[in-house]
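Colleague: Would you mind keeping the following structure in view while I ask a few things?
A short reminder: the numbers here are calculations on the coordinates, not readings from a lab. Predicted model only: the values in this text are computed from it and were never measured. Here the Cβ is made from the backbone with ideal geometry for all residues, glycine too, and neighbour counts use every protein chain on show.
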Amino acid sequence: MKTLKVEQMGTEVQGLRLRGDKRSPEPTHVRIVFPGGDVDVARTENGEYWVHVRVDSEEDLKGGGQRVGVVRDTRLDCRDIGLSGPIDLVEALGLESNETIYHLALRVARR
């Protein structure tokens with residue numbers, strides 16, 4: 001498995017670039033852990049990617065989590081559907097608070 005290198009992607013941005021090249025296998029999962037949660041990018045067998053955003057709970061702290069996370073705000077930006085601005089996910093889902101949300105997953109594929 002190939003070791004990923006952190007790249008400078010701007011004056012205040014560092015990141016990892018996943019290339020999806022089958023001839024040079026990358027890790028199946030890439031995780032960024034931050035105080036309160038983590039972001040995980042997981043490659044599927046057919047070359048698509050699941051992107052998971054998760055916040056830590058009290059239960060996670062028992063397993064070595066750093067700090068309980070709370071979603072403070074949510075936003076979904078869309079193209080070409082006639083909306084005047086971003087969608088608040090809490091409002092769109094009819095939830096009473098952001099604290100109800102603990103995980104969001106998106107599957108991303110190439111066109």
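Colleague: All other residues with a Cβ under 11 Å from the Cβ of His29 taken together, and with Lys, Arg as +1 and Asp, Glu as -1, what is their net charge?
Modeller: Around His29, the surrounding residues sum to -1.
Colleague: Express in nm, to one decimal, how much length is gained between Ile87 and Tyr102 on full extension, taking 0.36 nm for each residue of separation and deducting their alpha carbon distance.
Modeller: Full extension of this stretch gives 3.6 nm more.
Colleague: For Met9, Met1, what ranking results if the residue with the fewest other Cβ atoms within 10 Å of its Cβ goes first?
Modeller: Met1, Met9
Colleague: If the elastic network links every pair of Cα atoms under 10 Å, which of Arg19, Arg54, Arg67 fluctuates the most in the Gaussian network model of the chain?
Modeller: Maximum among the listed residues: Arg19.
Colleague: Still on this model: Can you give the net charge of the other residues whose Cβ lies under 13 Å from the Cβ of Lys2, counting K and R as +1 and D and E as -1?
Modeller: So the environment of Lys2 carries a net charge of +4.
Colleague: When the helix-only estimate is applied to the chain (DSSP H runs of n ≥ 4, each -39,500 (n - 2.57), divided by the residue count), what is the mean residue ellipticity at 222 nm, nearest 500 deg cm²/dmol?
Modeller: Helices in the chain give a 222 nm mean residue ellipticity of -1500 deg cm²/dmol.
Colleague: From zero up to wherever the largest Cα-Cα distance of region 9-111 sits, split into 5 Å bins and tell me the percent of pairs in each.
Modeller: Taking all Cα pairs of region 9-111, the binned fractions are 2, 10, 15, 17, 19, 18, 13, 5, 1, 0 percent.
Colleague: Here is a follow-up. Can you run phi through the Karplus equation (6.51, -1.76, 1.60; θ = phi - 60°) for region 35-46 and list ³J(HN,Hα) in whole Hz, with x for Gly and Pro?
Modeller: Computed from phi, the couplings for region 35-46 are x, x, x, 7, 10, 10, 10, 10, 7, 8, 5, 9 Hz.
Colleague: Could you tell me which residue out of Val41, Ile87, Val6 lies farthest along the dipole of the chain toward its positive end? Charges go on the beta carbon: Lys and Arg +1, Asp and Glu -1, centred on the Cα centre.
Modeller: Val6
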